[in-house]
Amino acid sequence: MNETGNSCLFLLQSSWHEALWTSGEKVWVSLKHFGCDRSTDHGEIRGRKMDEEASEGFKTSAFFDVKQSDKHSITLRSSEFGVTTKFMAPVKQFTKLHNKSITALDISSRGGLGVSASTDETLLLWDTATGTVRRTFTGHAGEVNCCKFFPSGVVVLSGGMDTQLKIWSTEDGSCARTLSGSHNASISCTEVVDRGRNIISCSNDGTARLWECGNATCISCITKHNSKINASSLTTVSSALCVPSTGDTMTTHQNDLEFETKDKVLITGSENGDLLGYDVANRTEVLSFKCRDSVNCCTFLNETTFAVGLQDGTILLMDILKPGQPLLSFKTLASAVLCLSQSRHSSHSLAFWASFADGRSSLFYVINRNGDLSEKAESSQTYKLELQLELSGPDCDPVYCIVQSSDGFIYTASRDAIVRKYKFF
């Protein structure tokens, strides 16, 4: 396991784009140092009203300069400490969707629709271009904890405090199925198996369950944790790969209600730090690892490599083929990692977005010791996470969800009840 990461981290005023480009005000900048006794450097950028792209015309403190800037991005550089960071401002902010914290968010496969859930007990379908609400899904008793599109983009899956799963039509807002009766605590997260004939639900009761949607039937309990499950991620592993089993000899459990679960591996993470991996079709444990703090989130980056976010701010990189210990452990600020999601349109496969309780949202690349982009994790290599981009916007409000759409936009959901939209490419 390699403890590594950036030695310095730029922090920038969340409203920098408005201050520099609209009102010409000054903006605060900090450079935080890690692994040394040097205290944080504090400085500022003094701007002026501008109408065109520019990297000149800014007055900055001595420890950094502005390498590039336009109305939606700015790149800060410290030559002394060898760190460069690009910050991106939102191109749109949807402020009228919810009136309380937005805790769950997803974007349809074609990018035109968004679905979000809030502590105001609403579940909304909306237009990603305008933020206009298309449908209000009504049926859960209490808060909705999670929501997700099926691959078709015309069906939505939700799970709530009421222990129920619901399947919704985006065309008319109706509830096509309600799946209930098996969990005895709130639903925390869900997974859609391939096209969606089967789904997986995870709950605060510590169980992950496999369902058949057509008959609204619970097929099986896949795994049981000793505390509530906070996170899950599902992958398809090539049949040629030999995924090690830590349990009994594999026995196929598939029946007439189970579809396309072969070669599927489910990772679940719990409040007590347990990280478990299961072969879905065979109900066999393939990974068991004890993290040093609560697991808040996880996401697969390719078929076997996945990232894990902890409550203490640590990000782990792991591989189900090498379950003994993490390939990498990374931590900067002691702020909880709240969401991880794969960046599917980056220049290599091992890239992901991370959002934090202090309002940061970051894009990371996994880099090997030669400085190359890592397509596949190998134990013989040394890894580090390289910060590629920071998203601005929330002012210390936790970002509960971050999603990248197929058409090149990033969406974040925050405690301030705002969905922010960023143009990534």
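On the given criteria, is Ser152 assigned to a loop (DSSP other than H, G, I, E, B) and under 19 Å from the mean Cα position of the chain (by Cα)?
No: the conditions fail for Ser152.
State which residue is farthest from Cys146 (Cα to Cα) when the search covers only segment 161-188 and only residues that are hydrophobic (A, V, I, L, M, F, W, C) and open to solvent by 20 Å² or more (accessible area, probe 1.4 Å).
Per the stated criteria, the residue is Ala176.
Quick check: anything in segment 69-77 under 16 Å from Phe424 (Cβ atoms) and within 21 Å of the chain's Cα centre (by Cα)?
No, segment 69-77 has no match at all.
In segment 408-425, what residues are among the charged types (D, E, K, R), open to solvent by 20 Å² or more (accessible area, probe 1.4 Å) and under 16 Å from Trp353 (Cα atoms)?
Lys423
I'd like the full set of residues that are surrounded by fewer than 16 Cβ atoms within 10 Å (Cβ to Cβ) and of a type in the set (Ser, Thr, Tyr), limited to segment 143-160.
Filtering segment 143-160 down to residues surrounded by fewer than 16 Cβ atoms within 10 Å (Cβ to Cβ) leaves 151-152, 154.
Answer for segment 143-160, where residues must be surrounded by fewer than 16 Cβ atoms within 10 Å (Cβ to Cβ) and of a type in the set (Ser, Thr, Tyr): just Ser152.
In segment 338-356, what count of residues is obtained for those that are touching a Lys or Arg at 6+ places or on another chain (Cβ under 9 Å) and either farther than 24 Å from Ser406 by Cβ or open to solvent by 10 Å² or more (accessible area, probe 1.4 Å) (or both)? Steps first, answer last, please.
Taking segment 338-356 first, the residues touching a Lys or Arg at 6+ places or on another chain (Cβ under 9 Å) are 349-351, 354.
Applying the additional criterion that residues be either farther than 24 Å from Ser406 by Cβ or open to solvent by 10 Å² or more (accessible area, probe 1.4 Å) (or both) yields 349.
The qualifying residues number 1.
Phe81: open to solvent by 30 Å² or more (accessible area, probe 1.4 Å) and in contact (Cβ under 8 Å) with a residue 12 or more places away in the chain, yes or no? Walk me through how you get there before you give the answer.
On the way: open to solvent by 30 Å² or more (accessible area, probe 1.4 Å): yes; in contact (Cβ under 8 Å) with a residue 12 or more places away in the chain: yes.
Criteria met by Phe81.
Pairs needed: first member in segment 126-139, within 12 Å of Lys96 (Cα to Cα) and assigned to a strand (DSSP E or B); second member anywhere, at pLDDT 95 or above and of a type in the set (Gly, Ala, Ser); C-beta distance under 6 Å; at least 6 residues apart or different chains.
Pairs found: Trp126/Gly114.
Of the conditions (1) in contact (Cβ under 8 Å) with a residue 24 or more places away in the chain; (2) closer than 30 Å to Ser174 by Cβ; (3) buried (at least 16 other Cβ atoms within 10 Å of the Cβ), Ser109 clears all except one; give me its number.
(3)
Can you confirm whether Lys290 is closer than 18 Å to Lys331 by Cβ, touching a residue at least 12 places away in the same chain (Cβ under 8 Å) and either within 17 Å of the chain's Cα centre (by Cα) or surrounded by fewer than 23 Cβ atoms within 10 Å (Cβ to Cβ) (or both)?
Criteria met by Lys290.
Which condition from (1) within 27 Å of Lys100 (Cβ to Cβ); (2) in contact with a strand residue (DSSP E or B) (Cβ under 8 Å, 6 or more places away or on another chain) is the one that Asp205 breaks?
Condition (2) is where Asp205 drops out.
Only residues in segment 150-176 that are touching a residue at least 24 places away in the same chain (Cβ under 8 Å) count as the first member; pair them with residues that are basic (Lys, Arg) and assigned to a strand (DSSP E or B), Cβ under 6 angstrom, at least 6 apart or cross-chain, and list the lot.
Leu157/Lys148; Ser158/Lys166; Ile167/Arg177; Gly173/Arg135; Cys175/Lys166
Looking at segment 393-407, which of the residues that are hydroxyl-bearing (Ser, Thr, Tyr) and open to solvent by 10 Å² or more (accessible area, probe 1.4 Å) is farthest from Ala351 (Cα to Cα)?
Tyr400
Can you confirm whether Ser101 is in contact with a His (Cβ under 9 Å, 6 or more places away or on another chain) and either at pLDDT 95 or above or open to solvent by less than 70 Å² (accessible area, probe 1.4 Å) (or both)?
No: the conditions fail for Ser101.
Those residues that are farther than 16 Å from Leu234 by Cα and open to solvent by 10 Å² or more (accessible area, probe 1.4 Å), I need them from segment 295-311; list them, please.
Scanning segment 295-311 gives a single hit, Gln311.
With the requirement that a residue be open to solvent by less than 30 Å² (accessible area, probe 1.4 Å), within 17 Å of Glu271 (Cβ to Cβ) and either outside any loop (DSSP other than H, G, I, E, B) or without any contact (Cβ under 8 Å) to a residue 60 or more places away in the chain (or both), what does segment 202-232 give you?
Passing the criteria: Cys202, Ser203, Asp205, Thr207, Ala208, Thr223, His225, Ser227, Ile229, Ala231, Ser232.
Of all residues in segment 189-201, which are buried (at least 22 other Cβ atoms within 10 Å of the Cβ) and more than 20 Å from the chain's Cα centre (by Cα)?
Asn198, the sole residue that qualifies.
Only strands (runs of 3 or more DSSP E) wholly contained in segment 251-326 count here; list those with 2 or more residues that are farther than 16 Å from Lys224 by Cβ and of a type outside the set (Lys, Arg).
Values: elements: 264-270, 274-279, 284-290, 295-300, 305-310, 315-319.
Fully inside segment 251-326 and qualifying: 295-300, 305-310, 315-319.
Restricting the search to segment 312-329, which residues are of a type in the set (A, V, I, L, M), buried (at least 18 other Cβ atoms within 10 Å of the Cβ) and out of contact with any Asp or Glu (no Cβ under 7 Å at 6 or more places or on another chain)? Spell out the reasoning first.
Our first condition is that a residue be of a type in the set (A, V, I, L, M); within segment 312-329, this holds for 315-318, 320-321, 327-328.
Then drop every residue that is not buried (at least 18 other Cβ atoms within 10 Å of the Cβ), which leaves 315-318, 320, 327-328.
Ile315, Leu316, Leu317, Met318, Ile320, Leu328 - these are the residues of segment 312-329 that are of a type in the set (A, V, I, L, M), buried (at least 18 other Cβ atoms within 10 Å of the Cβ) and out of contact with any Asp or Glu (no Cβ under 7 Å at 6 or more places or on another chain).
Quick check, is Leu76 open to solvent by less than 10 Å² (accessible area, probe 1.4 Å), within 24 Å of Arg415 (Cβ to Cβ) and in a strand (DSSP E or B)?
no
The values are calculated or read from the model by the stated rules, or taken from the named source; none is laboratory data. Just so we're clear, the structure is a prediction, and the values are computed from it rather than from any experiment. Reconstructed Cβ throughout: ideal geometry from the backbone, glycine too, with neighbour counts over all protein chains shown. The protein model used for the area step is the full one, side chains on, heavy atoms only, and it has no ligands, DNA or RNA in it. Shrake-Rupley method; radii C 1.70, N 1.55, O 1.52, S 1.80 Å.
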